[in-house]
Amino acid sequence: MPGARELRTLTRNALRRSGVSAVILVAFVALAAMLAGAAAALVVSATGATEALMQRARTPHYLQMHTGPVDRDRMAAFAEQNPLVAQWAVVPMLTVDGAAVRISGPGVDTTLADSLQDNSFVTQNAEFDFLLDTDDRVIQPAPGTVWLPLFYREELGLATGNVVTVTGPGATAGTPAQTRLVVAGFLRDSQMNSSYASSKRLLVAPDDLAAVQRTVAETGTIEQLIQFRLTDPAAVGTFEVQYREAGLEAGGPTITWSLFTLVNSLSEGITAAIVILVTVLLVAIALLCVRFTLLTTIEQDQRQIGVLKAVGVRGRDLRRLYTGRYLALAVAGALLGVALAPLLSRSLLARVDLFMGPSGRGGWALLVGWVLAAGIVAVVGLSVRRTLRALDRVSPVEALRSGTAAAGRVRRTPRWLSVSRGRLGANLSLGLADLGRRPGMYAVPLVIFTLASFILIVPQNLYSTVTAPGFITHMGAGVSDLRIDIRQTADPRRAGELDAALAGDPQVARHSLLVTADYAATAADGTDVRLKIESGDLAMFPIRYATGQQPSAPDQLALSTMQAQQLGARVGDPVVVRPPGGGQPLALTVVGIYSDVTNGGRTAKMVAPHTSTQVMWSTLLADVVPGADPAAVVGAYAAANPDLRVSSVDDYVQATMGGTAQVLRDASVISLLVGLAIAALITALFLRLLLTADSARVATLRALGFRDGQIRAQYAIRTVVLLLVGVVLGAVLANTVGGLLAGLLLSGVGLTRLDLIANPLLAWLATPAVLLLTVAVTAYASTRPGADQSITATMKE
Amino acid sequence: MDKLSTAERTEQPGPAERTGPAPALVATGIRKAYGDTEILHGIDLTVAEGEFVAVMGPSGSGKSTLLHCLAGLDRVDAGSVRLAGIELTGLSADELADRRRELMGFVFQQPTLLRDLTLLDNIVLTGALDRIGTPAERTAHAEALMARAGIAELRDRMPGEVSGGQLQRAGVCRALQRDPRIVYGDEPTGALNSSAAREVMDLLVEFNRDGTTLVVVTHDAAVAARAHRVVFLRDGAVAEELLLGGQPAERVTDVVDAMRAVGV
């Protein structure tokens, strides 16, 4: 091949000259491969671990919670004749007020009052729904000991040996005032591990359960878990309808296997989604890097490429050499990333390992990581080949004559930036004019700065959205100062009494009673579906609707997104809802669809009074009068109603979304670091490339008497302007596309159309400032002239 | 070495006669090495105010290096360079940059105008940097220079839109825009055809007659013949100096003879 040696020298020199960009390409591919590997590990392991835990614990396929007595004979008869039932059990659960459970030990003295969880004492089950220790053994608690959920160990910093004291209303004959139990360990609960599960189970020996029950006396409530393992888990929908139609006990929420799976892997799913998003962006950035580096290199090597073409080197040969070297870099990056991935995934999987145990899919996770890394290399290779088409456009004659193919394509500086007009000063004029002169060159860093600020802002906005009080309107509930949840287990008159109390309370400005009852409806596909419909004055504490509007007439119905999907109903569709066990059916029209993450994401709302007698729960919402302290009012109602869940909006959001908020905060910190690293790397890369390409120009300016600082200022001005435009574009994208993306990612939980709420101080001031500082420092460092860089040597070149 | 050739009577008034004895540039004992190779071995050179000195020598003799050292574009390893009474060798890079803008003008072999600025903007560039006068005054001054250089109508053209000779004349205007104490030329006609080269030299000589001090490195006997004095370098040292006088044809012959004698 003619000129083979020159060819190799050319490409080798090109890489050597742009050593910084080679390093950056390797770094980006490594980072992308590492994140892809970690995301793969997270998805594969988290789903694997969830399923493995649920298999080991033999989680029920269908769970009906019920407060009140259960007719076991009737239940047994139902199970006996229903071929879908493989195993069943009715398990009592003693729910105790969180304030009554105190945990103390070295450095620990707390109660469970603040957790907003329902805390229930249980004993180990005999055949399924096992509570496991961290070695996945079925726990058999010794008398006098208690096993607490791992959730509390992590949240409250508890340790084995701590003492749990359950305090009752007072000592009477045969009733001790307190029961003391020693914490023997921490348990994995396949049903209630997650912070999204609103209940937690505390495991004790049968005798201790009896002792606790005697202590708490009437302040404790017995709730029954009616659990079924099915012969065909896929038929759980059919089973649900059969259960309802049999008229069996159903005074509480129903949870199925798929919902347990969802709740267990929700946090990891959100983290994985964010990691995947960042990976995709990193791959995009790596591609932009490749393109930018190659185009600049080709521009610089015009003359040599022209010579090689003139002596007969084929474009194919040139392409092969460039491709080979860039692929080698990409492979090096991918190997590095694959090697580093376990470090990241280990920390991401720490919670999965702790709460769910081994997934048994480590090998698969590794394999998927490798496949993804190989995919990244392939994408880089394709991008190199595509970019190298620019080689075909190098004309040997033009390249030899002018040394540049771009000689005739200089854009004129706009008049308002003209140096002779003197409006902006020479440095500012020169700095800005170049942006307009070479828009193609600056488009790449602009896109990357935009992506970097997007990466920075989206998780931040998600975090501030999820933690904002208004977020509750995405959870199917209106914003109010006070919220009282009354489960159906409580005295049915309580709701009415509290309604009256709130009406007479001078500190309460307005309030609303919302009652949720059970109905059935027929879905579009003919199957029967359960509906939990909330009825009351929906207008007082309105929620946000993704489509349509709030029901305002008695024949109107609103559905949560997941409920609408299950029914196959859209706005405008008629839905007939039937009260279970007979009663007046209601013919309603769907007028609105909203996001809801509570109660499995399946809820409905109407203003018509209930015709169903199966009330499931009631919710009271209230706003205090101006000047009153909402916290004090919440505190007063909480004290007066220790058996009910009384909370402020913040408490409610924290209790429901606390886990997600934690994950999002971590994700925000990681994205901040990733975004800043991207911005710094790109600034360094871009300015090195630009300075190399502009070396003759820089030498001329220096010879004319421009100080280095003034020349650096010109480059800094361009970079900062690009960054500012990028930040604005990134913020706009984050608030538009970001919300859509977040909605897509979270649609699995029942959230759609998420309007991101930005924390203005963070999103518009702190983040841009940090980004600007990073870019400015990097720009300063990377435009510093080398000690050996002389004007005359550059000019000779 | 350092032998002064027979000074002939010059028709042009000599610089000393015009400006008195004060030298514009005094360089003594300049040494410069690149790596282990010493290029300049202790050169002394004094240029009077208003003088036009041409520097000649074979390739590798150190002409351009000497010019770069005199202009502060390169640092000397030893010796002293005083320009307008200011010692350049001890200055920082920024101070040197400031002195280049204030005291010196440059005309390079390749026209080094910025490709994205019009000829006018290129000429006013350093004046705009230091905000000398108002924008209108700077523009008027530049236009006057361009008129003298015969390129007034090209003020809004881009460098890529004019010929090499026109470009180099714009380069001369840029060098003179701030009325420098000295203008350095590094083969200013090296890339031009003979008529364009003559036009550029006519322009430089015209400004020299008005008092601008010129130091020009050249290979071209016709260019050197227009100077007051020619300094010949060989192997990094001054081999010969020639004071020029008489008719243009004689002067060229004198330069060619001296070139032969020195072995250029």
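Values quoted throughout were computed directly from the atomic coordinates according to the rules given, and no laboratory measurement underlies them. Quantities reported herein were computed from a predicted structural model and do not represent experimental measurements. When we count neighbours, we look across all protein chains shown, and the Cβ atoms used for this are built from the backbone with ideal geometry, even at glycine.
So here's what we get for this one:
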{"quantity": "Computed over region B:55-179, the ratio Rg/Rh where both radii use C-alpha atoms and Rh is Kirkwood", "calculated": "1.01"}
{"quantity": "Net dipole in debye of the protein assembly as shown [+1 Lys, Arg Cβ; -1 Asp, Glu Cβ; about Cα centre; nearest 20]", "calculated": "3520 debye"}
{"quantity": "Karplus (6.51, -1.76, 1.60) ³J(HN,Hα), θ = phi - 60°, over region A:61-73, in Hz, Gly and Pro reported as x", "calculated": "7, 9, 10, 10, 8, 8, 10, x, x, 10, 7, 5, 5"}
{"quantity": "Cα gyration tensor shape of region A:153-297, rounded if a/c is under 1.5, else prolate or oblate by comparing a/b with b/c", "calculated": "oblate"}
{"quantity": "Selection from A:VAL96, A:ALA184, A:VAL85 lying farthest towards where the dipole of region A:85-230 points positive, charges on Cβ", "calculated": "A:ALA184"}
{"quantity": "Convex hull of Cα atoms in region A:303-392, direction-averaged projection (nm²)", "calculated": "7.2 nm²"}
{"quantity": "Residue exposure sequence - B:MET158, A:MET540 - by fewest surrounding Cβ within 10 Å", "calculated": "A:MET540, B:MET158"}
{"quantity": "Inter-part distance where region A:630-648 and region A:85-132 are each reduced to a Cα centre, Å", "calculated": "22 Å"}
{"quantity": "Relative contact order computed over region A:85-230 (Cα-Cα under 8 Å; 6+ residues apart), in percent", "calculated": "37 percent"}
{"quantity": "Per-residue ³J(HN,Hα) for region B:47-55, Karplus 6.51 cos²θ - 1.76 cosθ + 1.60, θ = phi - 60°, Hz, x for Gly and Pro", "calculated": "10, 6, 4, x, 7, 10, 10, 9, 10"}
{"quantity": "Interchain or long-range residues, amide H under 5 Å from B:GLY105's placed H", "calculated": "B:ILE182, B:VAL183, B:TYR184"}
{"quantity": "From phi via Karplus (6.51, -1.76, 1.60), per-residue ³J(HN,Hα) for region B:132-138 in Hz, x at Gly/Pro", "calculated": "7, x, 8, x, 5, 5, 4"}
{"quantity": "Unit charges at the beta carbon, dipole of region B:157-255: most positive-side option, B:GLY246, B:ASN193, B:THR212", "calculated": "B:THR212"}
{"quantity": "Ellipticity estimate at 222 nm from DSSP helix runs (n ≥ 4, -39,500 (n - 2.57)) divided over chain B, nearest 500", "calculated": "-11000 deg cm²/dmol"}
{"quantity": "Relative contact order %, chain A, counting alpha carbon pairs below 8 Å whose residues are six or more apart", "calculated": "17 percent"}
{"quantity": "Fraction of the pair-distance distribution of region A:531-590 above 17 Å, Cα-Cα pairs, percent", "calculated": "38 percent"}
{"quantity": "Anisotropy class of region A:85-230 from Cα gyration tensor, a/c 1.5 cut", "calculated": "oblate"}
{"quantity": "√(5λ) per eigenvalue of the Cα gyration tensor, the protein assembly as shown, largest first, Å", "calculated": "85, 29, 26"}
{"quantity": "Scaled radius of gyration (Cα, divided by 2.2 N^0.38 Å) that chain B gives", "calculated": "0.98"}
{"quantity": "Residues whose placed amide H lies under 5 Å from that of B:PHE52, excluding near-sequence neighbours", "calculated": "B:LEU214, B:HIS228, B:ARG229"}
{"quantity": "Amide hydrogen neighbours beyond the local backbone of A:ALA509, cut-off 5 Å, H modeled", "calculated": "A:ASP623, A:VAL624, A:VAL625"}
{"quantity": "A:ARG602, A:ARG578 arranged by Cβ crowding within 10 Å, fewest neighbours leading", "calculated": "A:ARG578, A:ARG602"}
{"quantity": "Hull volume in cubic angstrom per residue (convex hull over the Cα atoms of region A:482-647)", "calculated": "115 Å³"}
{"quantity": "Relative contact order (%) - criterion: Cα under 8 Å, at least six apart; region: chain B", "calculated": "29 percent"}
{"quantity": "Mean ellipticity per residue at 222 nm, deg cm²/dmol - from DSSP H runs of n ≥ 4 across chain A, formula -39500 (n - 2.57)", "calculated": "-17500 deg cm²/dmol"}
{"quantity": "Residue exposure sequence - A:TYR594, B:TYR184 - by fewest surrounding Cβ within 10 Å", "calculated": "B:TYR184, A:TYR594"}
